[in-house]
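Participant: Mind having a look at this structure? Questions to follow.
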Amino acid sequence: MLAGSILTLIGSLFLLLGALGILRMPDVYNRMQAGTKATTLGSILFLMGIGIGYCGCVWKVTILILFILFTNPLSSHALARAAHHMKIALTNRTVIDRLREDEATEEDKC
Amino acid sequence: MANLLYTIAGIIAFSALFLPLLRMIKGPTAADRAVALDVMTIISISLIALIAAMAGRAIYLDVALVYALISFLGVIAVARYIERGL
């Protein structure tokens, strides 16, 4: 029970960090990174702590963890691709943009 | 002791729910708002699971599962709409 509660506390701290990253990052893509990675780790730790601490709901919590683990990168990837397709400007400290280079070479070939 | 830690974790996660809300009000483009909505959904799934565990009712976890499914579909639909229209 105590181990589960400590895991849940660490997970909630990661959730708070992810939410702070959503608010503070300069760019859509940076926000997406912060929001997806930190929040996935935080929610996995949170749900794992709940599944350890309270017996009787382990299977549903496992299904929930697997579902979040599979769908969260998928939705983030689709959103990032849509934002890049919409030509939202990157922040001015960006060094390289491989997808734009790839699209430019594809257009040259055609 | 463990119940106190669970309560503190719930309070921290609940306060984390307001920061993406600010981004959703302020955000310059539609993609920002969709990302903020995604993060808020994940935080509220965790909160629903915590409430289900503390109330001792495992059936509330089904609500969290269905909410995760619907939010995934919604984000995919918004991304497709941004990319090439409906």
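Conditions (1) within 10 Å of chain B (Cβ to nearest Cβ); (2) more than 23 Å from B:Ala34 (Cβ to Cβ); (3) in contact with a strand residue (DSSP E or B) (Cβ under 6 Å, 6 or more places away or on another chain); (4) not in a loop (DSSP other than H, G, I, E, B), marked per residue:
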position	(1), (2), (3), (4)
A:Ile6	yes, yes, no, yes
A:Leu9	yes, yes, no, yes
A:Leu16	yes, no, no, yes
A:Leu41	no, no, no, yes
A:Asn72	yes, no, no, yes
A:His77	yes, no, no, yes
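Participant: Within region B:5-51, how many residues turn out to be assigned to a loop (DSSP other than H, G, I, E, B) and in contact (Cβ under 8 Å) with a residue 24 or more places away in the chain?
Facilitator: Summing the residues that are assigned to a loop (DSSP other than H, G, I, E, B) and in contact (Cβ under 8 Å) with a residue 24 or more places away in the chain in region B:5-51 gives 2.
Participant: Also: When only residues in region A:43-59 that are assigned to a loop (DSSP other than H, G, I, E, B) and crowded, with 20+ Cβ neighbours inside 10 Å count, which is modelled with the lowest pLDDT?
Facilitator: Among residues in region A:43-59 that are assigned to a loop (DSSP other than H, G, I, E, B) and crowded, with 20+ Cβ neighbours inside 10 Å, the one modelled with the lowest pLDDT is A:Cys57.
Participant: Kindly indicate whether any position in region B:38-48 is under 15 Å from the mean Cα position of the chain (by Cα) and over 19 Å from A:Lys37 (Cα atoms).
Facilitator: Yes, region B:38-48 contains at least one residue that is under 15 Å from the mean Cα position of the chain (by Cα) and over 19 Å from A:Lys37 (Cα atoms).
Participant: Determine which single condition A:Arg81 fails, assuming it passes every other condition in (1) more than 9 Å from every other protein chain (Cβ to nearest Cβ); (2) surrounded by 14 or more Cβ atoms within 10 Å (Cβ to Cβ); (3) part of a helix (DSSP H, G or I).
Facilitator: Answer for A:Arg81: the failing condition is (1).
Participant: Counting only residues that are surrounded by 12 or more Cβ atoms within 10 Å (Cβ to Cβ) and β-branched (Val, Ile, Thr), which one in region A:84-110 is farthest from A:Met25 (Cα to Cα)?
Facilitator: A:Ile88
Participant: Could you tell me which numbered condition B:Ala58 fails, if it satisfies all but one of (1) in a helix (DSSP H, G or I); (2) within 7 Å of another protein chain (Cβ to nearest Cβ)?
Facilitator: (1)
Participant: OK, next. Pick from B:Ile82, B:Ile45: which is over 18 Å from A:Leu41 (Cα atoms), β-branched (Val, Ile, Thr) and at the interface with chain A (Cβ under 8 Å from one of its Cβ atoms)?
Facilitator: B:Ile82
Participant: Further question: Which one of these does A:Leu90 not meet: (1) more than 7 Å from chain B (Cβ to nearest Cβ); (2) over 19 Å from the mean Cα position of the chain (by Cα); (3) among the aliphatic types (A, V, I, L, M); (4) not in a helix (DSSP H, G or I)?
Facilitator: Only one criterion is unmet by A:Leu90, namely (2).
The values are calculated or read from the model by the stated rules, or taken from the named source; none is laboratory data. Note that the coordinates shown come from a computational prediction; the quantities given were computed from them, not determined experimentally. Counting neighbours? That spans all protein chains shown, and the Cβs are built from the backbone with ideal geometry, glycine included.
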